[in-house]
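K.L.:
Here it is: the structure, laid out below.
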Amino acid sequence: MQQPLVLMEGIEKSFPGVQALRDGRFELRPGEVHALCGENGAGKSTLMKILAGIYPKDAGRILLQGKEASLPNPRAAMRQGISIVHQELNLMPHLTVAQNIFIGREPRRAGIFLDEPALNARAQALFERTNIRLDPRVRVGELTIARQQMVEIAKALSFNTRVLIMDEPTAALTETEIADLFALIRQLRAAGTGIVHISHRLEELQQIADRVTVMRDGQYVDTLPIREATLQRIITMMVGRTIFETRPELPEGGAGEPLLEARGISRGRQLHNLSFTLRRGEILGIAGLIGAGRTELARAVFGADSVDSGTILIHGKPAQIRSPNDAVRQGIGYLSEDRKHFGLALGLDVETNLALAAYGRFMGPLGTVRNGAIRSNGERHVRDLAIKTPNLAQRVRFLSGGNQQKVVIGKWLTADTEILIFDEPTRGIDVGAKAEIYKLMNELAQSGKGIIMISSELPEILRMSHRILVMCEGRITGELRSDEATQERIMALATQREAVI
Amino acid sequence: MKALTSSRGLTFLPANAIQQVLAFGALIGLVIVFSLASPNFLQFNNMVGILLSTAVNGVLALGVTFVIITGGIDLSIGTVMSFAAVMAGVSITYWGLPVAVGVLVGLLAGGLAGCVNGLVIAKLRIPPFIATLGMLNVAKGLALVISGLKPVYFNDTPSFNQIAMGSVLGAVISGFEIPNAVLLLFVAAIVASLILNRTVLGRYTFAIGSNEEAARLSGVDVDRWKIAVYTLTGLFSGLAGVLIASRLNSAQPALGQGYELDAIAAAVIGGTSLSGGEGSIVGTIIGAFIISVLTNGLRIMSVPQEWQTVITGVIVVVAVYLDLVRRRK
């Protein structure tokens with residue numbers, strides 16, 4: 001038996017409010033592609049960031065080729081041959097490809113001067129060795145996301161990498177780009193590199209992976225050789241039993257009158273002629289890959305970004321929505337994917353946050369604030385939404401992610417919002433709290449609200465939506481009813497790019 | 001993702017080249033307008049006056065360009081300049097040290113103040129705006145304390161005045177009496193340009209401004225390089241302090257405040273982005289000249305001082321607005 005390149009055991013890690021890893025385990029052998037699967041929030045990325053020296057571990061041990069390793073920072077990890085390609089690209093858009101790849105390791109003359117020709121030559125040599133087609137001298141900000149991804153991979157390869165971690169490398173790539181990437185991965189595997197492949201696209205694992213490790217709720221579940229890992233088996237391991245519990249949660253009805261109609265919304269290169277209808281009592285899911293324009297669409301409908309053309313009808317009447325203020329007045333609420341930045345005033349207390357979107361209503365004569373009304377509004381929503389908080393004066397900063405999300409929902413309910421746009425409603429929320437958010441969304445729909453739900457988690461989309469719109473590159477490429485939607489059909493539509501002429 | 005300009009693949013052509021071309025066009029336009037408006041504008045003496053008045057602000061602007069490219073700011077450069085001037089003055093006039101040593105003391109005083117800024121920002125994680133606002137007052141107070149609230153004159157050391165006001169060029173080419181201060185500005189600009197474009201420090205200045213987290217994750221010691229960048233900015237303020245003291249033949253402890261805004265304005269007009277990652281030395285020099293030409297031209301046209309200030313303010317806002325409009329496309 002070959003000694004493993006990497007052995008991680010009993011890894012624990014918590015962040016304020018969330019225990020991200022309880023018992024993280026992982027083993028990587030030389031010359032294998034090891035897939036790491038799990039739902040969002042299962043702890044895959046956290047485990048790999050610990051291996052890459054980005055987060056310190058709270059407990060557990062990491063062995064590299066049998067020896068206990070210390071990985072205090074990314075530099076130390078890279079020196080020991082561990083590189084990571086990040087999910088969210090970590091590049092400097094103002095620097096060139098070569099400058100990005102060799103940042104921190106530039107060839108120098110006389111100790112301080114940069115040797116730019118040597119830098120570019122080194123990058124060129126790297127590209128030829130690895131069959132990556134990139135111009136070293138182009139600024140990274142001018143490249144497409146897919147090309148930027150290639151820069152990240154090239155950067156990881158430029159170290160003497162024995163362990164290459166790829167966090168969702170194919171999420172934003174086209175079919176040909178994925179084929180190129182896999183060819184590269186096979187080449188590296190043949191050379192003895194151990195590759196960790198984190199992916200949500202389970203069907204591609206059969207093509208590339210040798211073994212699969214599944215995680216759930218911050219815990220190791222099992223490791224299987226790929227021939228035993230059928231799609232169904234992986235999914236069952238990923239979701240545990242919850243998939244059967246949540247299926248019946250699918251809301252009924254959804255054929256009320258139109259609340260919101262968007263017609264021909266276009267904005268620059270982000271949105272192309274988008275039209276859809278949201279009906280009373282339904283949850284309309286919007287699926288798509290990163291960069292498909294889902295958030296941009298939400299922001300356009302909400303008036304946060306201007307549009308070039310298109311009209312929006314509310315209750316069948318044309319509505320002028322030029323700013324979020326207009327949207328709120330028309331009864332639209334937007335729950336940003338980034339609650340902490342855009343949804344909440346973190347330093348203020350629960351009751352103030354709940355009143356924030358309708359402050360006018362809590363205003364007395366001469367602009368005084370009616371604290372009593374704010375208090376009773378707060379009490380009502382904390383009770384109705386089951387927000388777990390010691391008291392109404394607790395600062396929102398100290399609530400858990402799920403309860404913060406409930407405060408945002410309560411805020412829009414206070415403002416009598418009929419149309420709610422949820423952007424990644426359960427991002428960064430514990431599994432237990434997720435179920436509560438789903439339940440709440442179902443209740444809201446049943447009470448006659450219209451809900452648009454943007455989500456990158458396909459299980460969430462499939463579980464929650466009456467109808468699903470799929471977007472790709474700023475276009476709506478398809479609409480599916482909940483009973484005809486599958487992960488595969490959604491993915492097919494989400495990658496249906498328009499032929500480039 | 002930020003929209004970027006269309007200059008493809010040409011690393012020697014900075015991405016803010018368009019802003020530079022616009023700024024240079026504006027500078028030429030101003031010169032043409034003022035020369036038509038007043039026959040005195042294009043006189044040799046007036047031109048020398050413009051160059052001379054650009055020297056101090058230009059050197060400060062060169063320094064502050066570095067911190068702005070990192071996405072930071074330095075509000076203390078003006079008062080650090082007078083602190084450095086006072087330190088040079090006290091060393092030479094009160095302690096009787098040689099002029100060369102006094103100059104060195106001035107430069108190091110600036111560098112030290114910049115280093116403290118960098119330490120406070122990088123290690124204590126105080127935002128640059130606050131940290132350097134603190135240093136603005138510290139340096140102002142120290143300059144007053146050390147000087148005993150009064151100017152320090154260099155009457156016993158005439159060679160000190162020659163640093164800025166002598167003319168090496170005039171000695172070589174007769175009639176070409178351009179003061180050394182101008183020469184020093186251009187030397188400083190060349191050095192700054194080399195540092196920014198050809199050294200590791202310059203590369204990390206851009207890297208930190210472009211995506212600090214990415215630089216950190218790539219193993220760049222961001223804290224250390226930030227301290228280095230603020231120290232460099234301090235050294236430029238020290239040089240500006242020596243220049244202004246030499247030009248006035250005295251170190252004026254209460255003079256510096258307000259200079260920082262003109263310097264920041266020069267950098268911004270020249271296309272340095274306050275959000276970091278973009279900027280150039282050529283742009284900053286053009287920006288500094290735009291401000292000088294404007295001030296000088298308006299004075300020649302007898303526009304009152306207070307209106308000159310108003311116009312400078314409007315120009316800065318317009319320049320930044322044009323830059324924003326350009327980026328949005």
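The values are calculated or read from the model by the stated rules, or taken from the named source; none is laboratory data. A quick note: this is a predicted structure, and the numbers were derived from the prediction, not measured. A quick note on method: Cβ atoms are made from the backbone with ideal geometry, for glycine too, and the neighbour counts reach across all protein chains shown.
K.L.:
I'm told residue A:494 meets every condition in (1) among the small types (Gly, Ala, Ser); (2) modelled with pLDDT under 85; (3) closer than 30 Å to residue A:411 by Cα except one. Can you identify the failing condition by its number?
P.N.:
(3)
K.L.:
A further question follows. Would you confirm, using the coordinates I've provided, whether residue B:96 is farther than 18 Å from residue B:240 by Cα and not aromatic (Phe, Trp, Tyr)? Steps first, answer last, please.
P.N.:
On the way: farther than 18 Å from residue B:240 by Cα: yes; not aromatic (Phe, Trp, Tyr): yes.
For residue B:96, the condition - farther than 18 Å from residue B:240 by Cα and not aromatic (Phe, Trp, Tyr) - is met.
K.L.:
Here are B:267, B:251: which of them is out of contact with any strand residue (DSSP E or B) (no Cβ under 6 Å at 6 or more places or on another chain) and under 22 Å from residue B:83 (Cβ atoms)? Step through it out loud before you land on a result.
P.N.:
Working: B:251 fails: out of contact with any strand residue (DSSP E or B) (no Cβ under 6 Å at 6 or more places or on another chain).
Of the residues listed, the single one that is out of contact with any strand residue (DSSP E or B) (no Cβ under 6 Å at 6 or more places or on another chain) and under 22 Å from residue B:83 (Cβ atoms) is B:267.
K.L.:
Can you say whether residue A:170 is assigned to a loop (DSSP other than H, G, I, E, B) and polar (S, T, N, Q), as far as the supplied structure shows?
P.N.:
Numbers: assigned to a loop (DSSP other than H, G, I, E, B): yes; polar (S, T, N, Q): yes.
Considered against the rule, which asks whether it is assigned to a loop (DSSP other than H, G, I, E, B) and polar (S, T, N, Q), residue A:170 comes out as yes.
K.L.:
For the range A:105-159, how many residues are facing chain B (nearest Cβ under 10 Å), under 23 Å from residue B:221 (Cβ atoms), without any contact (Cβ under 8 Å) to a residue 60 or more places away in the chain and buried (at least 19 other Cβ atoms within 10 Å of the Cβ)?
P.N.:
Residues meeting the conditions: 5.
K.L.:
Can you tell me which condition residue A:170 does not meet? The list is (1) within 11 Å of chain B (Cβ to nearest Cβ); (2) under 30 Å from residue A:4 (Cβ atoms); (3) among the hydroxyl-bearing types (Ser, Thr, Tyr), and all the others hold.
P.N.:
With (1) within 11 Å of chain B (Cβ to nearest Cβ); (2) under 30 Å from residue A:4 (Cβ atoms); (3) among the hydroxyl-bearing types (Ser, Thr, Tyr) applied to residue A:170, the lone miss is (1).
Conditions tested, residue by residue: (1) within 14 Å of chain A (Cβ to nearest Cβ); (2) charged (D, E, K, R); (3) assigned to a helix (DSSP H, G or I); (4) more than 21 Å from the chain's Cα centre (by Cα).
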residue: B:125; (1), (2), (3), (4): no, yes, no, yes
residue: B:129; (1), (2), (3), (4): no, no, yes, no
residue: B:175; (1), (2), (3), (4): no, no, no, yes
residue: B:182; (1), (2), (3), (4): no, no, yes, no
residue: B:205; (1), (2), (3), (4): yes, no, yes, no
residue: B:213; (1), (2), (3), (4): yes, yes, yes, yes
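K.L.:
Let me spell it out: the conditions are (1) closer than 21 Å to residue A:386 by Cα; (2) at pLDDT 90 or above, and residue A:437 meets all of them except one. Which number is the exception?
P.N.:
Looking at each condition in turn, residue A:437 falls short on (2).
K.L.:
Let me ask something else. Of everything in the range A:189-228, what is of a type in the set (Gly, Ala, Ser), surrounded by fewer than 16 Cβ atoms within 10 Å (Cβ to Cβ) and at negative phi? Give them in sequence order. Spell out how you get there, then give the answer.
P.N.:
Filtering the range A:189-228 for residues of a type in the set (Gly, Ala, Ser) gives A:190-192, A:194, A:199, A:209, A:218.
With the extra rule that they be surrounded by fewer than 16 Cβ atoms within 10 Å (Cβ to Cβ), the set shrinks to A:190-192.
If the condition is that a residue be of a type in the set (Gly, Ala, Ser), surrounded by fewer than 16 Cβ atoms within 10 Å (Cβ to Cβ) and at negative phi, then A:190, A:191 are the ones that fit.
K.L.:
Hey, could you check the range A:69-93 for residues that are over 23 Å from residue A:20 (Cα atoms) and in contact with a strand residue (DSSP E or B) (Cβ under 8 Å, 6 or more places away or on another chain) and say which is nearest to the other protein chains (Cβ to nearest Cβ)?
P.N.:
A:93
K.L.:
I've got another one for you. Might you check whether a residue that is at pLDDT 95 or above, among the aliphatic types (A, V, I, L, M) and touching a Leu at 6+ places or on another chain (Cβ under 7 Å) occurs anywhere in the range B:40-57?
P.N.:
yes
K.L.:
Considering only the range A:281-301, how many residues are farther than 26 Å from residue A:145 by Cα and touching a helix residue (DSSP H, G or I) at 6+ places or on another chain (Cβ under 9 Å)? I'd like the intermediate steps shown before the answer.
P.N.:
From the range A:281-301, those farther than 26 Å from residue A:145 by Cα are A:281-284; that's our starting set.
With touching a helix residue (DSSP H, G or I) at 6+ places or on another chain (Cβ under 9 Å) added as a condition, the list becomes A:281-283.
Within the range A:281-301, residues that are farther than 26 Å from residue A:145 by Cα and touching a helix residue (DSSP H, G or I) at 6+ places or on another chain (Cβ under 9 Å) number 3.
K.L.:
State whether one or more residues within the range A:415-437 are without any contact (Cβ under 8 Å) to a residue 40 or more places away in the chain and within 21 Å of residue A:314 (Cα to Cα).
P.N.:
Checked against the condition, which is being without any contact (Cβ under 8 Å) to a residue 40 or more places away in the chain and within 21 Å of residue A:314 (Cα to Cα), the range A:415-437 yields no hits at all.
K.L.:
Are any residues in the range A:308-334 among the hydroxyl-bearing types (Ser, Thr, Tyr) and more than 22 Å from residue A:414 (Cα to Cα), and if so, which ones? Break it down stepwise before answering.
P.N.:
The initial filter retains those residues of the range A:308-334 that are among the hydroxyl-bearing types (Ser, Thr, Tyr), namely A:309, A:311, A:323, A:334.
A:309, A:311 - these are the residues of the range A:308-334 that are among the hydroxyl-bearing types (Ser, Thr, Tyr) and more than 22 Å from residue A:414 (Cα to Cα).
K.L.:
Which members of the range A:377-397 meet the condition of being of a type in the set (Gly, Ala, Ser) and either surrounded by 14 or more Cβ atoms within 10 Å (Cβ to Cβ) or in a helix (DSSP H, G or I) (or both)? Even if it seems obvious, please write down each step before you answer.
P.N.:
Here is the first cut: in the range A:377-397, the residues of a type in the set (Gly, Ala, Ser) are A:378, A:386, A:393.
Selection gives A:378 alone.
K.L.:
For the range A:448-481, which positions are in contact with a strand residue (DSSP E or B) (Cβ under 7 Å, 6 or more places away or on another chain) and among the polar types (S, T, N, Q)?
P.N.:
Across the range A:448-481, the qualifying residues are A:455, A:465, A:477.
K.L.:
A further question on this structure: Identify the residue in the range B:272-293 that is surrounded by fewer than 21 Cβ atoms within 10 Å (Cβ to Cβ) and of a type outside the set (Gly, Ala, Ser) and, among all such residues, is nearest to residue B:39 (Cα to Cα).
P.N.:
Step one: list which residues in the range B:272-293 are surrounded by fewer than 21 Cβ atoms within 10 Å (Cβ to Cβ), which gives B:274-275, B:282.
Imposing the further condition that a residue be of a type outside the set (Gly, Ala, Ser) reduces the set to B:274, B:282.
Numbers: B:274: 38, B:282: 29 Å.
For the range B:272-293, the residue satisfying everything is B:282.
K.L.:
Filter the range A:1-42 down to the residues that are under 19 Å from the mean Cα position of the chain (by Cα) and modelled with pLDDT of 85 or more and list them by number.
P.N.:
A:21, A:35, A:36, A:37
K.L.:
On to the next question. Check A:440, A:346, A:420 and return the single one that is in a helix (DSSP H, G or I) and either touching a helix residue (DSSP H, G or I) at 6+ places or on another chain (Cβ under 7 Å) or under 26 Å from residue A:325 (Cβ atoms) (or both).
P.N.:
Numbers: A:346 fails: in a helix (DSSP H, G or I); A:420 fails: in a helix (DSSP H, G or I).
Just one listed residue meets the conditions, A:440.
K.L.:
Tell me the residue from B:85, B:131, B:164 that is surrounded by 19 or more Cβ atoms within 10 Å (Cβ to Cβ), modelled with pLDDT of 95 or more and either more than 19 Å from residue B:258 (Cβ to Cβ) or out of contact with any strand residue (DSSP E or B) (no Cβ under 9 Å at 6 or more places or on another chain) (or both), please.
P.N.:
Numbers: B:85 fails: either more than 19 Å from residue B:258 (Cβ to Cβ) or out of contact with any strand residue (DSSP E or B) (no Cβ under 9 Å at 6 or more places or on another chain) (or both); B:164 fails: modelled with pLDDT of 95 or more.
Result: B:131 is the single residue among B:85, B:131, B:164 that is surrounded by 19 or more Cβ atoms within 10 Å (Cβ to Cβ), modelled with pLDDT of 95 or more and either more than 19 Å from residue B:258 (Cβ to Cβ) or out of contact with any strand residue (DSSP E or B) (no Cβ under 9 Å at 6 or more places or on another chain) (or both).
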